[in-house]
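Following: one structure in C-alpha cells, then a few remarks.
The values are calculated or read from the model by the stated rules, or taken from the named source; none is laboratory data. Treat the numbers as computed from the prediction; the structure is a model and nothing was measured. Note: ideal-geometry Cβ built from the backbone for every residue, glycine included; neighbour counts use all protein chains shown. What goes into the accessible areas is simple: the full protein's heavy atoms, side chains included, and nothing from ligands, DNA or RNA. Shrake-Rupley method; radii C 1.70, N 1.55, O 1.52, S 1.80 Å.
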Amino acid sequence: MKRRVLAAGPLLAGALGLLVTAAFVTAALAQQQTPAPATPAPAPAATAPAATTPAALPPGSPLIGRPDNNPAAAKLAPVAPPPLATAADKVPVDKLKAPKGFNIEVYASGMANARSLALSDKGTVFVGSRLQDKVYAITNKNGKREVKLLVSGLYRPNGVAFKNGTLYIAELSQISKIDNVDDKLDASPKPVVIYKDLPKDEAHGWKFLAIGPDNKLYFEVGQPGNNVLHDKDHGQLRRINLDGSGAEVIAFGIRNTVGFDWNPKTKELYFTDNGRDWFSEDLPNDKLNRVSNIGQDFGEPYCHQGNIPDNDFGWGHDCKDFVPPVGLLGPHAAALGMRFYTGTTFPAEYRGQILIARHGSWNRTVKFGGDVALAKLNKDGTMKSVEPFITGFLQNNNYIARPVDVMNMPDGSILISDDWNGAVYRVTYGNKVAQR
C-alpha cells in the first residue's frame, strides 16, 4: 500500500506558558476616626517554592515518552560508548565466544566508534563512524595490517559502500564519494558531495549505505524520534544512481534500519528495523523485513512487529494493512548490520543464511542482544529461527563490547565491527590460521 503523506503532524517543540498575575489594591481611608484596636495584619503568604520543572528534552530525544514516577524506567537511558578506542592489548576478544570449530581474533583496532564496513577490490576495509568525524582504512599487505585515517572533518559518517574504485560515504544529511580511493589512502582526500536532499534530524539520522544488484545506492531516512508520525521525508528507504541522480523512495513505514542486504538467490532486499522504546520491557520486537515490491509500507508508527497496534497512533489502522515482518529479532535488541553469508568455509547450515549484529538493548532492565545472531530462512524466504552465534559482548548485564556490522571476506571469513572498543574482529572456521 502507498504511504499516506501527512500535511502536518503533531510535533510541536514547545508549549505556551500560562500568564499568572496578582493585583493588590490598598485603599486609604480619608476619615479621621478613632482607630479601633489594631488587628495584626495577616502575614504575607509564604511564597511557595517554584515547582521544579524538568528541562525540556530536545526534539527527537530517546527519553521522550519515558514513564513518569517509575523508578525502574528512570534508570534506563542509551548507553554511551567510551570516547576513545581500547588499547590493542586490552580489546576483550578472549571474552567472545563462538560455536565449536570457529576462531575469533582481532583484525584491527584503534578506530574509535568503529561502525559500518565496506571492502575494496584491493582488499582495503573501510570503517565508518557515527560519533566521530572520521572514516578509516585498514590495509593488508603481505600479511601486515595497518590502520590509516582516510578522512576526517565529516559529520556522522556512519555509512560506507564501495564500487568500481569509488568509496561512497553517508553522513547525517549528505552522501559523497571518493574516486580511485585505493590510490589516495595517504592523501587525506576530500569527498565530493553527490546528494544533499536529506533532513538534518539527529534522531535516527545516521545512515547505512549499500549498493544493490541494480547498481544503485540504497540508504534509509529514519523516523525523527522514538515514536512519531512520519512526513514525506522520513521513515523510508531511498535509492539513487551512483552519481546522485534519480532519487526515489522504495519503502515506507520504517522506524530505524541500520543494516540491509540482498538475498543472493532471489535478489530481494532484507533489512533490520528497530522497534520503538517505552512500550514495555518485552515489546515490541525488532524486525527482519523483506522488500518484495517497490512502495511497500511496513507499518511504523501505526503497527509494531506486524501485530501490535500502537497505543497512540494505531487508532483507525489495522495491522493487516501493512507488510508483516518475515521474522522477529527480540525485544529492544538493536539489530543493526546484517549480511547473507556467501562464503563456503563455514558449515553448510550457515551458507545462504543471515548473520545479524544485535548491538544490544538499553530500553530494558535486563539487557537483550549484544551478540551476532544467525537467522535461518525457510524456503519461502521467511525466517525459520534466530539464535546467538557470536556471544560475550554482554557480561553480567554490562557491555564489554558491542557489535555493529558484519561483512563477508573473500576467503570465507567474516568481519565484525565493535563501536565500544573501536575494533574489528575476524571469524574463521576450521584449523586456526595466521591472521591475513
#### Entry: Compactness of segment 133-247, expressed as Rg and Dmax over alpha-carbon positions, Å
15.1, 52
### Query
For residue 265 and residue 75, what is the calculated FRET efficiency with R₀ set at 41 Å and r taken between the beta-carbons, to the nearest 0.05?
0.35
## Note on the structure
Rounded to whole angstrom, the alpha-carbon centroid of segment 295-361 lies from that of segment 130-158 at a distance of 30 Å
### Rounded Å value of the spacing that divides the Cα centres of segment 400-414 and segment 62-128
12 Å
### Task
Please work out, to two decimal places, the log10 of the ratio I(q)/I(0) at q = 0.22 Å⁻¹ from a Debye calculation in which every Cα of segment 253-325 carries one identical scatterer.
-0.95
### Message
Please list 356, 194 from largest to smallest accessible area, probe radius 1.4 Å, with all protein chains kept in place.
### Response
194, 356
### Message
Quick query: amide H of residue 108 versus all other amide H atoms, modeled in the peptide plane; which residues come in under 5 Å with a sequence gap of 5 or more or a different chain?
### Response
424
### Solvent-accessible area per residue, Å², over segment 214-356 with all protein chains present [probe radius 1.4 Å]
33 Å²
### Percent breakdown of C-alpha pair distances by 5 Å bin, ordered from the shortest bin, for segment 282-374
3, 13, 18, 18, 19, 14, 8, 4, 1, 0, 0
### Message
Could you give the length gained by full extension between residue 164 and residue 55, i.e. 0.36 nm per residue of separation minus their alpha carbon distance, to one decimal place?
### Response
34.3 nm
### Protection proxy ranking of 374-380, 234-240 - average other beta-carbon atoms within 10 Å, highest first
234-240, 374-380
### Placed amide H near residue 204: partners under 5 Å, 5+ positions off or other chain
none
### Net length gained if the chain between residue 68 and residue 395 were fully extended (0.36 nm per residue, minus Cα distance)
114.8 nm
### Task
With a ≥ b ≥ c taken as the square roots of the eigenvalues of the C-alpha gyration tensor of segment 195-239, please select rounded if a/c is under 1.5 and otherwise prolate if a/b is larger than b/c or oblate if it is not?
prolate
### Task
Report the semi-axes of the equivalent ellipsoid for the chain in whole Å, largest first, where each axis is √(5λ) for an eigenvalue λ of the Cα gyration tensor.
49, 25, 23
#### Entry: Candidate aspartates and glutamates for bridging to residue 148, where Cα separation is under 15 Å - those fewer than 8 sequence places away on the same chain excluded
133, 182, 183, 186
#### Entry: Apportionment of accessible area to carbon and sulfur, the chain, percent (1.4 Å)
54 percent
### Message
Tell me which chymotrypsin sites (Phe, Trp or Tyr not before Pro) from segment 89-147 have a DSSP coil assignment and no more than 16 other beta carbons within 10 Å of their own.
### Response
none
### Whole-number percent relative contact order across segment 323-413, with pairs defined as alpha carbons under 8 Å at least 6 apart
31 percent
### Task
Please tell me the relative contact order of the chain in percent, rounded to the nearest whole number, where contacts are Cα pairs under 8 Å and at least six residues apart.
15 percent
### Linear extension gain, residue 190 paired with residue 317, 0.36 nm per residue minus alpha-carbon span
41.0 nm
### Query
Amide H of residue 163: which non-local residues (sequence gap of 5 or more, or other chain) have their own amide H closer than 5 Å, using H built in the peptide plane?
168
## Note on the structure
Dividing the alpha-carbon radius of gyration of segment 294-436 by 2.2 N^0.38 Å, where N counts its residues, gives 1.19
### Task
Could you state the orientation-averaged shadow area of the convex hull built on the Cα atoms of segment 59-134, in nm² to one decimal?
9.2 nm²
### Task
Set the Förster distance to 35 Å, then compute FRET efficiency between residue 292 and residue 94 from the Cβ-Cβ distance, nearest 0.05.
0.25
### Task
Enumerate by residue number the trypsin sites (Lys or Arg not before Pro) in segment 161-208 meeting two conditions: DSSP loop (anything except H, G, I, E, B), and at most 12 other Cβ atoms within 10 Å of the site's Cβ.
196, 200
### Task
Set the Förster radius R0 to 51 Å, insert the Cβ-Cβ distance between residue 149 and residue 387 as r into 1/(1 + (r/R0)^6), and round the FRET efficiency to 0.05.
0.85
### Query
Taking θ as phi - 60°, what are the ³J(HN,Hα) couplings along segment 385-401 by the Karplus curve (6.51, -1.76, 1.60), each to the nearest whole Hz, with x for Gly and Pro?
6, 9, 8, x, 10, 9, 10, x, 5, 10, 10, 6, 6, 10, 7, 10, 6
### Links that overshoot a 29 Å alpha carbon limit, given the list 141/376; 141/267; 216/376; 163/265
141/376; 141/267
